[in-house]
Amino acid sequence: MRFGVGLPTCTAGMMYPVPFATAHQLIDVAVECEQLGYYEVAGNDHFSTQRYVRGSWSDPPDFFDPLITYAACAARTSVLRFVTGVLVLPMRHPIVLGKQLATLDQLSEGRVIVGVGIGAYREEFEACYPDARGASRAEMIEENILALRALFEDRRSSFEGRHYRFRDVEMYPKPVQRPMPIYSAGNAEGSIRRAAVLGQGWLPAGIGPAQVRSGRERLERWAREAGRDPAEIAIALQLVVSLGPTEAAARERFERSQLYHHLVSLQRSTLRGVDVESYVDLNLVGTPDRVARKIEDLEAAGVGHLCGLYFVGRSLEEMMQQVRDFARHVVPAFPEKAVGER
């Protein structure tokens, strides 16, 4: 099992309080995560604040671009990988993004994993692109992935889609990694299908072993229909972590965190129809021993990577103490596939 830490690039006001972390503190977090042996850090992606965030805080949060942040982190680390967890692909043009990702992969010597998603908040997309109001973001993300593949793999690439078009683009350097690993984020059917047909990984969030097994079955079926080997497609699950000396203490820590309020907001989008109480049970909330047992069940269901875990905390120091406690008290339960294994 591989483990990663959610880097708070765009989480203040959403999963954490305002203010939360400075740009330089993000680099310090990445450096310490490497020292603790984590496989990766995963920063999320927002251009603008959401209505509920504006209504919750008197000051706007700082949202740091994950790709530029990773470039700074790459200069201070040597083996830590960088997952975009996740890039909101409909917000980014494939030529600009392709150049950024290829450059980052060169600077980090092949340590980039590209997690991509539609985005939880349509209001943000429409605020940034009012002329695209009503556009199918599912179509946009699929076209964007195909366009990125062409830019990464062809000497000269052209693309003709409904949303993106370019002709005879010669983009160099190419990424170090061939292929550049792209993980499709989300729990919906379209996300799983994109992982099976176009990606190297499926990146769901907030689901338990039963849902993982169900998703894995569909992923394997679609992969075989596309002529691909399902074993080559990783399952990297993103969850919330709240550790405590007792189950009650861990749950109380989670319920007083901003992360809890963020999950409530997502019931109107990516977690529509999900009961928050059940959601808590599916996540890594509990004593270290209880959390380790949950991870064993997930591993048996097919999860090989717990990606960009969100550790609760009302301050950066509280979050990092959870990160340290997890590395010391949970990870040793997995000695055969230890943290940091390459």
Margin query: Test of understanding: in a Gaussian network model of the chain with alpha carbons linked when under 10 Å, which of Tyr70, Tyr38, Tyr121 would top the mean-square fluctuation ranking?
Written below: Tyr121
Next item on the list: Choose one answer from Ile182, Ile141, Ile68: the residue with the largest mean-square fluctuation in a GNM of the chain with alpha-carbon springs under 10 Å.
Entry: Ile68
Item checked: Estimated inter-spin distance, Tyr164 and His329, nm [label 7 Å along Cα→Cβ] -> 4.4
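Need one number for the chain: average projected area of the convex hull over its C-alpha atoms, nm². Let's see the in-between values first.
On the way: hull surface 64.5 nm².
Averaged projected area of the chain's Cα convex hull equals 16.1 nm².
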Margin query: Under 37 °C and 0.692 mPa s, how fast does segment 102-197 diffuse according to Stokes-Einstein, given a Kirkwood radius computed over C-alpha pairs? Answer in µm²/s, whole number.
Written below: 223
Next item on the list: Place +1 on the Cβ of every Lys and Arg and -1 on the Cβ of every Asp and Glu in segment 2-337, take the dipole about the Cα centre, and give the residue among Ser78, Gly117, Met140 whose Cα lies farthest towards its positive end.
Entry: Met140
Check: What is the spin-label model distance, in nm, from Asp65 to Asp154 if the labels are put 7 Å beyond Cα along the C-beta direction?
Finding: 2.6
Next item on the list: Positive end of the charge dipole of segment 1-55 (Lys, Arg +1 and Asp, Glu -1 on Cβ, about the Cα centre): tell me which of Val29, Ala12, Tyr52 has its Cα farthest that way.
Entry: Tyr52
Note to self: Suppose each label sits 7 Å from its Cα in the direction of the beta carbon; what would the Glu296-Ala127 distance come out to in nanometres?
What the structure shows: 4.5
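Ignoring the sites themselves, what is the longest stretch of the chain with no GluC sites (Glu not before Pro) in a DSSP loop and at most 14 other beta-carbon atoms within 10 Å?
Numbers: sites that count: Glu109, Glu170, Glu341.
Counting at most 14 other Cβ atoms within 10 Å as exposed, the longest clean stretch of the chain is 171-340.
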Check: Considering only DSSP beta bridges whose two residues both sit in segment 2-337, what percent are antiparallel, to the nearest 5?
Finding: 10
Margin query: Pick from Pro94, Pro204, Pro60 the residue whose mean-square fluctuation is largest in a GNM of the chain, springs joining Cα atoms under 10 Å.
Written below: Pro60
Item checked: Cα centre as origin, Lys/Arg/Asp/Glu Cβ charges: the chain dipole, Debye -> 540
Next item on the list: Using a cut-off of 13 Å between beta-carbons, work out the net charge of the residues near Lys294 (Lys and Arg +1, Asp and Glu -1, Lys294 not included).
Entry: -4
Margin query: Which residues does the label zone of Thr246 cover in segment 285-329, counting backbone N under 20 Å from a point 7 Å along Cα→Cβ?
Written below: 285-292
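Residue separation times 0.36 nm, minus the C-alpha to C-alpha distance between Arg314 and Glu255: what's the value? If you can, show how the numbers build up before the last one.
Working: separation 59, 0.36 × 59 = 21.24 nm, distance 1.12 nm.
Extra length from Arg314 to Glu255 when fully extended: 20.1 nm.
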Checklist line | Long-range HN-HN contacts of Val112 with modeled amide H, under 5 Å | finding: Phe82
Item checked: Normalised contact order of segment 2-337, rounded percent, pairs of Cα under 8 Å and 6 or more residues apart -> 19
Next item on the list: Per DSSP H run of n ≥ 4, the term is -39500 (n - 2.57); total these for the chain, divide by its residue number, and report the mean residue ellipticity at 222 nm rounded to 500 deg cm²/dmol.
Entry: -13000 deg cm²/dmol
Next item on the list: Per residue of segment 114-121, in order, report the coupling 6.51 cos²θ - 1.76 cosθ + 1.60 (Karplus, θ = phi - 60°) as ³J(HN,Hα) in whole Hz, putting x for Gly and Pro.
Entry: 9, x, 10, x, 6, x, 6, 10
Note to self: Let's see if you can work this out: charge +1 on each Lys and Arg Cβ, -1 on each Asp and Glu Cβ, no other charges. What is the dipole magnitude of segment 170-317 about its Cα centre, in debye to the nearest 20?
What the structure shows: 360
Check: Among Phe63, Ser108, Val291, whose Cα lies farthest out toward the positive end of the dipole of the chain, if unit charges sit on the beta carbon of Lys, Arg (+1) and Asp, Glu (-1)?
Finding: Ser108
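The numbers here are math on the coordinates, done by the rules we state, and not lab data. Because the structure is predicted, anything quoted here is derived from the model rather than measured. A quick note on method: Cβ atoms are made from the backbone with ideal geometry, for glycine too, and the neighbour counts reach across all protein chains shown.
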